[in-house]
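Here's the structure, in structure tokens; my notes come after.
The values are calculated or read from the model by the stated rules, or taken from the named source; none is laboratory data. Just so it is clear, the model here is predicted, and its values are computed rather than measured. Note: ideal-geometry Cβ built from the backbone for every residue, glycine included; neighbour counts use all protein chains shown. Each accessible area value is taken on the protein alone, full model and side chains, heavy atoms only, with ligands, DNA and RNA left out. Shrake-Rupley method; radii C 1.70, N 1.55, O 1.52, S 1.80 Å.
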Amino acid sequence: MIWCVDDDNTIRDIEVYTLEQTGFEARGFADGVSMLEALKTEIPELIILDIMMPEVDGLEVLKKLRTDPAYKDIPVIMATAKGTEMDKIGGLNSGADDYLVKPFGVMEMVARVKAVLRRTAKEEVSSDITVGKITLKENEHKVIADGEKVELTHKEFEMLKLFMQNPNMVFSRDKLMSEIWGMDYIGETRTVDMHIKTLRQKLKGAGGQIKTVIGVGYKLEGEA
């Protein structure tokens, strides 16, 4: 079930109709308040969420989702007329999985929905990963560095997991943007540098395992 949240009735109806015609179950909501209320009885596979809405805007709704353990893993695609670089970075840093700028084509929307669902599909079997002084427990969404628990955001956790699954592999900023945020376009990679900086800080001494490869990108080494 895909939920479409938009106060514009025409846009919302088109989103729901298109998704249903391409094989999805879909449901529309005119505002974030009614959607949050509906979460008490049903959990969707993905939410397409408009930012500019009355009462509670989309970013505030996203914040509520990402801070609630019951809903934090629901994939969210932001859909808004705001299309500047900082608007996109703000949405992505708040925990969005992808971004649609209005006006967008309905088939682009379907393609992004499918891509995000593939990227966020949960694996049935998952094991702990240890590289150097860092241990990542995927099933528990927990990270231990130098024997201490580390609190990470969703994106920081996903970035560290990618590094730990591929130790010593160098990732360019564009590759990290594509893998973690699902963005195929070039640019807007300053958010990657910011996440690397905070990730290193949170890992403290073990953060030294994340190395900068000048002119290329970043990699995780086995020891700090």
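Quick check on my link table: of Lys64/Lys155; Lys40/Lys102; Lys149/Lys202, which ones sit more than 18 Å apart, alpha carbon to alpha carbon?
Cα-Cα > 18 Å for Lys40/Lys102; rest within.
If you compute Cα extents along the principal axes in Å for the structure shown, which of [x] 56, 36, 27; [y] 55, 37, 32; [z] 52, 32, 29 do you land on?
[y]
Tell me which residues come under 5 Å, amide H to amide H, from Leu46 once H is placed; ignore anything under 5 positions away on its chain.
Trp3
If Rh is defined by the Kirkwood formula over all Cα pairs and Rg also comes from Cα, what ratio Rg/Rh do you get for segment 24-85?
Working: Rg = 11.4 Å, Rh = 12.1 Å.
Ratio of gyration radius to Kirkwood radius: 0.94.
Once the dipole of the chain is set up with Lys and Arg at +1 and Asp and Glu at -1 on Cβ about the Cα centre, which of Met177, Met78, Thr18 lies farthest towards its positive end?
Met177
Taking the Cα centre of the chain as origin and charging only Cβ (+1 Lys, Arg; -1 Asp, Glu), how large is the dipole, in debye to the nearest 20?
Using only the charged Cβ atoms, the result is roughly 1020 debye.
Using helices alone, what [θ] at 222 nm do you get for the chain, with -39,500 (n - 2.57) per DSSP H run of 4 or more residues, divided over all residues and rounded to the nearest 500? The partial results should precede the final answer.
Details: 8 runs with 83 residues, N = 224.
Helix contribution divided over all residues of the chain: -11000 deg cm²/dmol.
Once amide H atoms are built 1.01 Å from N in the peptide plane, which residues 5 or more positions from Met78, or in another chain, come under 5 Å H to H?
Correct list: Leu49, Asp97, Asp98, Tyr99, Leu100.
Taking Rh as the Kirkwood radius computed over C-alpha pairs, what is the Stokes-Einstein D of segment 1-118 at 25 °C in a medium of viscosity 0.890 mPa s, expressed in µm² per second?
176 µm²/s
Could you state how much accessible area Thr41 has, in square angstrom rounded to the nearest 10, with a 1.4 Å probe and all protein chains kept in place?
Roll a 1.4 Å probe over it and Thr41 shows about 120 Å².
Roughly how many Å is it from the Cα centre of segment 43-81 to that of segment 197-224, as a whole number?
31 Å
Enumerate by residue number the trypsin sites (Lys or Arg not before Pro) in segment 6-76 meeting two conditions: DSSP loop (anything except H, G, I, E, B), and at most 15 other Cβ atoms within 10 Å of the site's Cβ.
Lys40, Lys72
In the chain, if the dipole is taken from +1 on Lys/Arg beta carbons and -1 on Asp/Glu beta carbons about the Cα centre, which of Leu117, Gly215, Val106 is farthest to the positive end?
After comparing all options, I get Gly215.
Over all distinct Cα pairs, what is the inverse of the mean 1/r for segment 1-44, reported as the Kirkwood hydrodynamic radius in Å?
About 10.5 Å for segment 1-44.
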